Amino acid sequence: MSAPVWLITGTSNGLGLVLALRVLRAGHRVVASVRNKTKAAAAVQQIEQAGGSVIEMDMTESQASISSKVQAIGRIDYLVNNAGYSILAPCETITEKDATLQLATNFFGPLYTLQAALPAMRAQRSGTIVNVSSVAAQDPLPACSLYSASKAALEAASESLAKEVAPHNIRVLIVEPGNFRTNFVSALAQASPDPTTVPPHYDDPVGNVIRKFLTVHGKQMGDPEKGADRIFEACTGTGMAGHLTGNVSRLVLGSDAHTRMKKSSEKFVHELSLQEETAASTAFE
Ligand SMILES: NC(=O)c1ccc[n+]([C@@H]2O[C@H](COP(=O)([O-])OP(=O)(O)OC[C@H]3O[C@@H](n4cnc5c(N)ncnc54)[C@H](OP(=O)(O)O)[C@@H]3O)[C@@H](O)[C@H]2O)c1
């Protein structure tokens, strides 16, 4: 049997680059996408030297453009929708342009990518789609409204999709990282307004959260190498996370993410228990 083929998006740096190199070390084949090969020259060189190939794809391209690029690859065994970024700003002040860009990058681009990979996966009766979300989808902090919304949309679509494609032997895995030491915060700083421009009436909590994010750059607890290992294992059913394959719809990465998700799930269950009676009170007699 020939080596499995992975398509991994957003491989100019961070989790995507580390995962691409991890997969290549395992002897699998990788098609890695970057926005711009010239700007991502260092990553392109690393991936190509390790035996991978690189294509240019921006997640904001049209459905037709993404579709033709993905379908040109042919066989894809693992699609990892990794590319993404976050804007941090008060919900009230986010412009139409910024809101549209956030949703296009983190939701519509990944949607068009997976749609394009599905016909080949259905024909081969196998495949895994990995959608990299965030703990922010389950526990949205202040300042993260649009980022959280984009990842929550990706998660909801993933859960529905998983049920649609299960009969075709295709799996869908949502990955929920906490804070990982990548380029994420520096990209976020570029996409977000300067915290000093946040209106005073939103400084607490929005300004506080933005300032806190900016100070964690380079100090995040999450190691992308270990995160990439767990993703590889959960996809291939090998190693430490191998037992999760097929048993979880979400792969939580980082004890910070695990703690936040546990707390928000407990709150959710508590709120449900408060309203069992009122929920049931709305049926016709
Ligand atoms: N690191 C964290 O703390 C953290 C936490 C939760 C979730 N995540 C998620 O993990 C994923 C990987 O992020 P990371 O931490 O590795 O951050 P990163 O180092 O900033 O990498 C993000 C990647 O996405 C690419 N990208 C951004 N916008 C794009 C677009 N419009 N089209 C194509 N590619 C685009 C970037 O390319 P350029 O270099 O061209 O910008 C880069 O390759 C993201 O989906 C992110 O939301 C990260």
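Laboratory data are not the source of any read-out in this text; all were calculated from the coordinates shown. Here the structure is a predicted model, which means the values were calculated and not measured. Cβ atoms come from the backbone with ideal geometry, glycine included; neighbour counts cover every protein chain shown.
Numbers below:
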| read-out | value |
| --- | --- |
| GluC sites (Glu not before Pro) lying in DSSP loop within segment 5-109, provided at most 12 other Cβ fall within 10 Å | none |
| Hz values of 3J(HN,Hα) by residue in segment 185-193 - Karplus curve (6.51, -1.76, 1.60), Gly and Pro given as x | 6, 6, 5, 5, 4, 6, 7, 10, x |
| Long-range HN-HN contacts of THR128 with modeled amide H, under 5 Å | TYR78, LEU79, ARG171 |
| Calculated FRET value between THR238 and GLU159, using beta carbons and R₀ = 22 Å, to 0.05 | 0.35 |
| Residue-averaged [θ]222 nm for the chain, counting only DSSP H segments that reach four residues, each worth -39500 (n - 2.57) | -14000 deg cm²/dmol |
| ILE87 long-range amide H proximity, modeled H, under 5 Å | TYR147 |
| Among PRO90, PRO119, PRO140: highest mean-square fluctuation, GNM of the chain, C-alpha pairs under 10 Å | PRO119 |
| Segment 5-258: C-alpha gyration tensor shape, a/c 1.5 cut-off, then a/b vs b/c | prolate |
| Neighbour-limited loop hits for trypsin sites (Lys or Arg not before Pro), segment 200-259 (at most 16 other Cβ within 10 Å; DSSP other than H, G, I, E, B) | LYS219 |
| Whole-Hz couplings from phi, Karplus 6.51/-1.76/1.60, listed for segment 260-271; x for Gly and Pro | 5, 5, 5, 5, 6, 5, 5, 4, 4, 5, 4, 5 |
| Backbone HN-Hα couplings from phi across segment 203-217 [Karplus 6.51/-1.76/1.60, Hz, Gly and Pro as x] | 4, 10, x, 4, x, 4, 5, 4, 4, 5, 4, 5, 7, 8, 4 |
| Cβ-Cβ FRET estimate between SER255 and LYS212, R0 fixed at 22 Å, reported to 0.05 | 0.75 |
| Formal net charge of residues neighbouring ILE174 (Cβ-Cβ distance under 12 Å; K, R +1; D, E -1) | 0 |
| Listed residue pairs exceeding 24 Å between alpha carbons, taken from LYS226/LYS267; LYS212/LYS263; LYS151/LYS262; LYS97/LYS151; LYS219/LYS267; LYS97/LYS163 | LYS226/LYS267; LYS219/LYS267; LYS97/LYS163 |
